[in-house]
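The values are calculated or read from the model by the stated rules, or taken from the named source; none is laboratory data. What you see is a predicted model; the values in this text were computed from it and never measured. We place every Cβ from the backbone using ideal geometry, glycine too, and count neighbours over all the protein chains shown. Calculation scope for accessible area: heavy atoms of the full protein, side chains included, ligands and nucleic acids excluded. Shrake-Rupley method; radii C 1.70, N 1.55, O 1.52, S 1.80 Å.
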Amino acid sequence: ALLEAAGQGRQDKLPDQPYRGARALVIGNGNTAESAFCALKMLGVERVDLLARNPEHCGHMLDLASRLGLPAPAVTAMDQTGKAERTLIRANIIVSTLPSGAADPLADLLNTARSPEADADSCLCSVLLDVVYEPRPTQLMKAFCRQPAARAISGERMLLYQAVRQVALMTDRPLAAVPAAAMDQALRET
C-alpha cells in the first residue's frame, strides 16, 4: 500500500511536499530502506541516493526508484571513505536503515570530516532519521548532531508511530482514539 500511495504521489495527511528539491540519502538497502524510499517520495523528495555496505545488492532499489518515478539513485559503497563522506555531507535528509552499530564507521567519517563550509556543494543542515532505537542515541546520531544546524531523530519515534497504527488496527479504533501521548510518555521513561 505504501508503494502504491507513493507511486501515485498520495500524501495522506502529510504537509504539501515540504521536501521538494531536497537531497535525500538512504543508508542501507533492505526492506526498511524500501519503506524509506516510498516515504521520501510521499514527502515530495525528487531524488534519493543510496549508501550501502553491499552496493552490488542494490538492484531492487534501482527498480523501486523507477517504479516510484524517481531517477536512478547514485549508489555509493560505505567503504569508499572519501566518496561516502561527500555523499553524507551533501544530503539534506538522511535515513539510516542499518542495524545497531552498523553505521558506526559513518559516525567516524562525520567526526573527522572536513568542514561542510569548505565545500560549496555541502550542506549538512540536515535531518537524520536513524531507525535504530537501542542504543539511543546511536554513534551516528551523536556525530551528526555535532554539525551545525543538524537534527537527528531516533528510531524510537518511528517505533512509537508504528505502534500507534498497530494499536488502532488491532483494536479497530480510529487513530485519534489511540492514547499516543501516554504511549509516548512510556517510551520516554524507558
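General observations
- The residue list 118, 107, 113 contains one member that is at pLDDT 90 or above and among the aliphatic types (A, V, I, L, M), which is 107.
- Qualifying residue in region 89-99 (condition: modelled with pLDDT under 90, open to solvent by less than 20 Å² (accessible area, probe 1.4 Å) and assigned to a helix (DSSP H, G or I)): yes
- Total residues in region 134-150, condition assigned to a helix (DSSP H, G or I) and open to solvent by 40 Å² or more (accessible area, probe 1.4 Å): 3
- When residue 73 is tested against the conditions (1) farther than 27 Å from residue 112 by Cα; (2) modelled with pLDDT of 95 or more, the lone failure is (1).
- Scanning region 151-173 for residues that are more than 15 Å from residue 96 (Cβ to Cβ), outside any helix (DSSP H, G or I) and basic (Lys, Arg) yields a single hit, 173.
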